[in-house]
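For reference, the structure discussed in these notes is given below.
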Amino acid sequence: MKKIVLVASLLVGVSLNAQEKVNEKELQRIAAELETKYNQDVEFESNRTGLSTESLIESGFQGIYNGASVYYHVDDTRQINSMNVDYLNSGDFENGFAVTGDGMTAYIWDGGNVLLNHQELIGRVVMLEADVPLSSHATGVAGVIGASGVTPLAKGMAPDVFIKALNFQGNAASEMAAESSDPENENYMISNHSYGTIVGWAEGNWGAGYGWYWFGDTSQSETESSMFGAYSDYDAYIDAILYNAPQHSMFKSSGNNNMTGPNGVVNHYVRNSSGQWVSSNTYRPKNCVANYGYDCLSFAGTTPKNLIAVGAILPLDGTRYEEPFDVIETSFSSFGPTDDGRIKPEITAIGQSVYAPTSTSSTSYTNWSGTSFSSPAAAGVGVLLQQIKMQSSNGNEYLRSDMMKAILTHSAFESGLYTGPDYKFGYGLVNALGAAEIILNSNQNAITENRKLLDGNTHTITVTAKGEEPIKVSIAWIDPAGEGVPQNAVPLNDRTPKLVNDLDLRVNDGTTTYSPWKLDPENPAAAATQEDNFVDNLEQVYIESPVAGQTYTITISHKGSLQTPITPAPEINFQEYALVITGVDAPMSVQNFDMSESISVYPNPVVDKLNINTNQKLNNVSIIVFNQMGQNLYTNQLTSMKNNDSIDFRTFPAGVYMVYIKSDEGTITKKIIKK
């Protein structure tokens, strides 16, 4: 069984611009590795269960991760106006123009084939896999994204979008890596995934006969599956794929695990220590009941850091959102936290009584329910936002996945009992109009930027509050793959953070420093607090009543050392991030303190004297020279430094050296060759 160190090794060979563009070669390598692993796991599971390989594939088997057999199943259970999508379709808003998905493409991975000749979809769907059985579920999901509106109530979010459909049966992750590497998708890729891993209770036949099965590890708990909320090797693979494909915005249903299970004590099947299904009559409560519905997210697909998980809410009483109490979760929707306390789902959409096509005939429809139908609604909005960004920039700019997440969460309608995010609704109900207005800066109050933070550096932005609205600042970043939970013994609620690069967002008004939202996994129903967040790769600072004309300083920094797992290694590690600010006028000043732009070190190669030149004053400066063995050969401490300094290299033997320069303003490392 491969440990997560293999996932780290997957990042070897990434180009220097790993997060700036698609790394096709690395994605193809990930796809091949996953395919090899999948074939090995199918053979092992077939021998263990007695099921044929064909039966396993048809049942949604995805492989064996962290000692557990991963099976996918679909997440079954009026959207447009409630999420303000109609404004985007019509273009009826300030600085707006109509977007319907025309010329855009969306991907779906689902449990079968879309009915290609359905009147809502005809001519706009292609199946990328042959010999796939017809699926009403897949047809409904495609309709939520892109039904044309022949029947107006069934109109999708992006009624002119083209859809590429694949079957999750088989190795879905390998396919994701391969499609992400396709040159046709180098600028953007939006995909929907309305399925989930079976965790806890499920009814069916997985090799021991039809009945109730309990997918849990009894060595960890007899009553709660430790796989809920866990970050597995599979989740790390997904994060590695999305890290190498920053253009890929992946929308994932949060799942319908809540309250699943038999009533009372029933005979059922559970795995023994050898992995065999055996009969049991031990009482086990329905999924997530013991946690009052919290900690109900499936591992192996829903807990990756870099995707956007979408929960399901009931239809709104009216046609428009008016207040937070309008938003009510469905009885089945899975919500967080993840085991390490991250906020998932990030957003919600209507997922009950959604009128959409079926595969019964070319004119058939039904009312669908499930997070399967909230996720494609959010993905459809993602298509429209991507189209707005492209058209407003004349095709020169696209939304990276971190910016897509930042904008959707930043603009979401407040939901739940308290101000701020929670583990049920994330940051709230999708607000397509609000997101579009941020992209276009329709209200002259929004700033959006893609930025690169170098290791040891700090970004500072000074803004002025408008005063008539809150200040909200969000950052999101595509984090490198984390370390999966231990093999074959997934601990119950492991709180170890899976965050690799921990960025920090703060806002200061000269007197008070405001911190981002943070939730407590030990008290999941409590209101969000504003304190240091060391688990999420999305941070948001909210100032409810700023003073008009008051100056606020926004600071983005990081803890520890940034990791950029690419080869060849960059001269200095970095983390790119998306920044969204609302409630302010244009920034008064921006100070990035990127030392690579402030300091030059020359000549390189050097023979005798190495010059160090800075174009700004640096304070409390340390200059250190290391050889390849890590030995400190030179140290110089300066109270301040401006303009020039130099190092005598004449006594150093020929070879490679690292010059490390640290100051209050930042840190930089330069590789120098001595001739």
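For region 521-538, does any single residue satisfy the condition of being out of contact with any strand residue (DSSP E or B) (no Cβ under 6 Å at 6 or more places or on another chain), under 30 Å from Lys670 (Cα atoms) and not β-branched (Val, Ile, Thr)? There is at least one residue in region 521-538 that is out of contact with any strand residue (DSSP E or B) (no Cβ under 6 Å at 6 or more places or on another chain), under 30 Å from Lys670 (Cα atoms) and not β-branched (Val, Ile, Thr). I need the full set of residues from region 389-407 which are in contact with a Leu (Cβ under 8 Å, 6 or more places away or on another chain) and either over 16 Å from Tyr87 (Cβ atoms) or buried (at least 24 other Cβ atoms within 10 Å of the Cβ) (or both), in order please. If the condition is that a residue be in contact with a Leu (Cβ under 8 Å, 6 or more places away or on another chain) and either over 16 Å from Tyr87 (Cβ atoms) or buried (at least 24 other Cβ atoms within 10 Å of the Cβ) (or both), then Lys389, Leu399, Ser401, Met404, Lys405, Ala406, Ile407 are the ones that fit. With region 620-675 as the region, which strands (runs of 3 or more DSSP E) entirely inside it contain at least 2 residues that are under 19 Å from Ala569 (Cβ atoms) and within 43 Å of the chain's Cα centre (by Cα)? Result: 655-663, 666-674.
Is it the case, given these coordinates, that Phe325 is part of a helix (DSSP H, G or I) and under 21 Å from Gly428 (Cα atoms)?
yes
The residues in region 300-332 that are surrounded by fewer than 16 Cβ atoms within 10 Å (Cβ to Cβ) and either in contact with a Phe, Trp or Tyr (Cβ under 6 Å, 6 or more places away or on another chain) or farther than 16 Å from Phe413 by Cα (or both) can be counted, and the count is 1.
Of everything listed in (1) among the basic types (Lys, Arg); (2) outside any loop (DSSP other than H, G, I, E, B); (3) at pLDDT 95 or above, the single unmet condition for Lys452 is (3).
Residues in region 411-449 that are outside the structural domain of Ile471 (by TED's automatic domain parsing), part of a strand (DSSP E or B) and of a type in the set (A, V, I, L, M): how many? Qualifying residue count, region 411-449: 1. Which members of region 181-201 meet the condition of being surrounded by fewer than 18 Cβ atoms within 10 Å (Cβ to Cβ) and in contact with a strand residue (DSSP E or B) (Cβ under 6 Å, 6 or more places away or on another chain)? None - no residue of region 181-201 is surrounded by fewer than 18 Cβ atoms within 10 Å (Cβ to Cβ) and in contact with a strand residue (DSSP E or B) (Cβ under 6 Å, 6 or more places away or on another chain), so the list stays empty. Taking region 333-389 as the range and being outside any strand (DSSP E or B), under 21 Å from Glu539 (Cβ atoms) and either outside the structural domain of Ser148 (by TED's automatic domain parsing) or hydroxyl-bearing (Ser, Thr, Tyr) (or both) as the test, only Thr338 passes. Of the residues making up region 411-449, those that are over 19 Å from the mean Cα position of the chain (by Cα) and of a type in the set (Phe, Trp, Tyr) number 2.
Inspect all residues belonging to region 477-499 and state whether any of them is within 25 Å of Ile308 (Cβ to Cβ), out of contact with any Gly (no Cβ under 8 Å at 6 or more places or on another chain) and in a strand (DSSP E or B). Within region 477-499, none of the residues are within 25 Å of Ile308 (Cβ to Cβ), out of contact with any Gly (no Cβ under 8 Å at 6 or more places or on another chain) and in a strand (DSSP E or B).
Name the single residue, out of those in region 171-182 being of a type outside the set (Ser, Thr, Tyr) and in contact with a helix residue (DSSP H, G or I) (Cβ under 7 Å, 6 or more places away or on another chain), that is farthest from Thr105 (Cα to Cα). Going through the qualifying residues, I end up with Asn171.
The values are calculated or read from the model by the stated rules, or taken from the named source; none is laboratory data. These figures come from a predicted structure and were not determined experimentally. Every residue, glycine among them, receives a Cβ derived from its backbone with ideal geometry; neighbour counts consider all protein chains shown.
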